[in-house]
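First up is the structure itself, then whatever we jot down about it.
The values are calculated or read from the model by the stated rules, or taken from the named source; none is laboratory data. Computed from a predicted model, the values in this text were never measured in an experiment. Cβ: placed from backbone, ideal geometry, glycine included. Neighbour counts: every protein chain shown. For the accessible areas, the whole protein counts, side chains as well, though only heavy atoms, and no ligand, DNA or RNA atoms are used. Shrake-Rupley method; radii C 1.70, N 1.55, O 1.52, S 1.80 Å.
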Amino acid sequence: MNTGLRITAFTAALAATFGTAYGVGRGVDPVVAESTAAPHDEHGRPSAQPEGGDGHGGHESTPPGGLQISENGYTLDLATPRVTAGQRTELRFTVRDGSGEAVTAYQPEHDKELHLILASHDLVTYRHLHPTRAADGTWSTPVDLPRAGGYRVFADFTPAATNAENLTLGADLAAAGRYEPASLPAPGGTARTDGYQVELGGTLRPGKASELKLKVLRDGEPVNDLQPYLGAYGHLVALRSGDLAYLHVHPNGEPGDGTTRPGPEISFTATAPSDGTYRLFLDFRHQGKVHTAAFTVRTGSAPAARDSAPTAPPAPSEHTDGHGH
């Protein structure tokens, strides 16, 4: 997860739009909430489109991140390809190098060796997890998925090998059970989660860098004491609807660099690799808890008016650091 100032490369196939996830959790890391109506840190890769693109976004010079299970000689080996919806299961996986050996050394990014994103193909369920690595290189984390259907797992990491680059590898995960498809929430400029209101300003553009500003409020008042979470005041993950192409964004400035203040507004510079609909998931920390807000946006279109933007109803969510806390 590089800390670049613009949306990092789309990695594994994330099939939805930028969105914010709902919910405070029981641990350190945010997990996006599920809603029965159509209605969660720090990963970064170079954008799939150069900053100075032509703005048409019709073509991508390189594939977005997360769409591949293998890249640059590394492979995501998912040992738990199936789980049962509604049952707590230990998700296990290994990152292997070109010789098939498990990778056991990583470069920490934002306080963690590896960040794991899990999202349903309809982008209704979202998890931002930090699994535990055993000495043999096997990673594990408990998961409890509320709904049956298809999911995508994204491993965001940088090997400790010389000249190694940040990678996001993706693999499919199936949750057994009765499947009821959900619709993507309508685009809007306001999201509500755990008693907070987050307002989105700015326009996401294909092939061209633009600024997105997210303002956090509580009871109608700006939250001016946001706390750092994994080295930043906010973290943004974007998923493209349709193929789950993955994009991680970092805020413009880090705590302590003299360019940021602890809220209520968090600024990101983002470049969409193509036209389309995205779901944005913003993780932020306040009063010791991590919350996730989610938005649906379309490229080239300004968010809906803040006083009338449709929002998906909040639902319980879970945060975990891989230990089940």
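Six or more apart or on different chains, Cβ atoms under 7 Å: show the pairs whose first residue is in the stretch 191-206 and at positive phi and whose second is among the small types (Gly, Ala, Ser) and modelled with pLDDT under 95. Short answer, once both residue conditions are applied: ASP194/GLY23; GLY202/SER210. Residues that are at pLDDT 65 or above and open to solvent by 30 Å² or more (accessible area, probe 1.4 Å) were ranked within the stretch 256-270; the one that is farthest from ARG152 (Cα to Cα) is PRO262. Counted as qualifying within the stretch 136-215 are the strands (runs of 3 or more DSSP E) with 2 or more residues that are closer than 21 Å to THR89 by Cβ and more than 18 Å from the chain's Cα centre (by Cα), namely 138-143, 167-176.
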